[in-house]
1. Give the residue that is nearest to the chain's Cα centre (by Cα), with candidates limited to residues of the range 123-139 that are open to solvent by 10 Å² or more (accessible area, probe 1.4 Å), hydrophobic (A, V, I, L, M, F, W, C) and modelled with pLDDT of 95 or more.
2. Out of all the residues in the range 322-334, which are within 14 Å of residue 289 (Cβ to Cβ) and assigned to a loop (DSSP other than H, G, I, E, B)?
3. Does at least one position in the range 245-265 carry a residue that is in a loop (DSSP other than H, G, I, E, B), of a type in the set (A, V, I, L, M, F, W, C), surrounded by fewer than 16 Cβ atoms within 10 Å (Cβ to Cβ) and under 35 Å from the mean Cα position of the chain (by Cα)?
4. Is at least one residue of the range 201-214 within 24 Å of residue 317 (Cβ to Cβ), at pLDDT below 95 and polar (S, T, N, Q)?
5. With out of contact with any strand residue (DSSP E or B) (no Cβ under 8 Å at 6 or more places or on another chain) and more than 26 Å from residue 144 (Cα to Cα) as the only criterion, which of 257, 220, 230 stands out?
6. Tally up the residues in the range 159-183 that are open to solvent by 40 Å² or more (accessible area, probe 1.4 Å), of a type in the set (Val, Ile, Thr) and either without any contact (Cβ under 8 Å) to a residue 40 or more places away in the chain or farther than 14 Å from residue 132 by Cα (or both), please.
7. For the range 299-321, give me each residue that is open to solvent by 30 Å² or more (accessible area, probe 1.4 Å), over 19 Å from residue 157 (Cβ atoms) and not in a loop (DSSP other than H, G, I, E, B).
8. Which of (1) in contact with a Lys or Arg (Cβ under 8 Å, 6 or more places away or on another chain); (2) under 27 Å from residue 132 (Cα atoms) is the odd one out, the single condition residue 317 does not satisfy?
Amino acid sequence: MSKLRLIATTAGTLGCAFAIGLFMQSAGPVKQKALGLKSPEIKQAELSSTDPRLTWDICTTDDPVIVDGMPLEVTGIELTSMSMDHDEMGEELLSHPESYNISKPPSLVELAEADTPFRGCEIQVSAKPVEPASVALDIAAPCNPNERISLHHMGMIVTESTSDEGRLQVTIPALSQKAVFMIVPDTNGAVVATAKVPSLAEYDRVALQWVGNGGFQIHAREFGADYGSAGHVWAESSSPAGEEGGRVSRLGDPTLADANLAEIYTFPKSRSKKVGTIALTVEAEVTEKNCGRDIAAQSIELRDADLPRTQDLVLSVPECSSVGDFLVLNNLIDDLKIAAR
């Protein structure tokens, strides 16, 4: 902040400075008012015509300035700040900021409507890599209780909701070794979290995502297994952690309207002692919520930690007389080929 130049003068000089449009050249007094600082005091008796703190112009006044009881001849002072005390100066600037090209401070309503969150309302996110090649997100949003929140990762989107305290803990299978997640609440800006997942190269992974009541499922029949047998893996019968088989994770809150949902099949190819094929199918149950409608989904395939490959699907569901039946799509996702290690 430049040094404040404060000159005590008369109303006549003040009026002259207003007339030539040079009354205020700096926003220094506003900053001092906001910070509660005092301007440096300058004794008027020390000022002279050669003092660098004074600048001169053709404007003059006939009214004398009295300093310590003695008249001081002042001619042609160009004012560079107000000749009022700081309280008066602050009130004048706040009342008429447009007169001095100063922006009016925002109101509380304007602050509430701004994108920037209030202090204490910032969203905090921790991202910790966990097995199998996943990231555990711990989200603390104290000012966003019971709120929809979207989680974005490598083209996949899932919709979750925060608790009464604004907390959300969710584990998401990674689709990249350098995993980037964008957390987007409904009412304020996004937050980004990252984590390194080097173990992703040890897994093959397939995801299926959709919106709303599609009724989609991923089914994997590992190494020739039949439906209902031990090698048939889906969301309700995945192998427990620590075993050599795959697993299906289900993401998203289906109780939310038009939620983004996903299922992800993960197979630990580096630990597999078997060689052969894993048959992957996408199935859609005919329900009262999707019957007679077109439903859409997208598959995301990740093989050998390469970039994900996506494929879109639009499916016409039979009429509601077929509720309870399943549509089986055998060719949407390529089967996995597991080679010997």
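1. For the range 123-139, the residue satisfying everything is 125.
2. 323, 324
3. Yes.
4. yes
5. The unique qualifying residue is 230.
6. Of the residues in the range 159-183, 1 are open to solvent by 40 Å² or more (accessible area, probe 1.4 Å), of a type in the set (Val, Ile, Thr) and either without any contact (Cβ under 8 Å) to a residue 40 or more places away in the chain or farther than 14 Å from residue 132 by Cα (or both).
7. Scanning the range 299-321 gives 316, 320, 321.
8. Here residue 317 meets the rest and fails (2).
The values are calculated or read from the model by the stated rules, or taken from the named source; none is laboratory data. Computed from a prediction, not measured in an experiment: that's the story for all the values here. When we count neighbours, we look across all protein chains shown, and the Cβ atoms used for this are built from the backbone with ideal geometry, even at glycine. Protein only, heavy atoms only, side chains kept; ligands, DNA and RNA dropped before computing areas. Shrake-Rupley method; radii C 1.70, N 1.55, O 1.52, S 1.80 Å.
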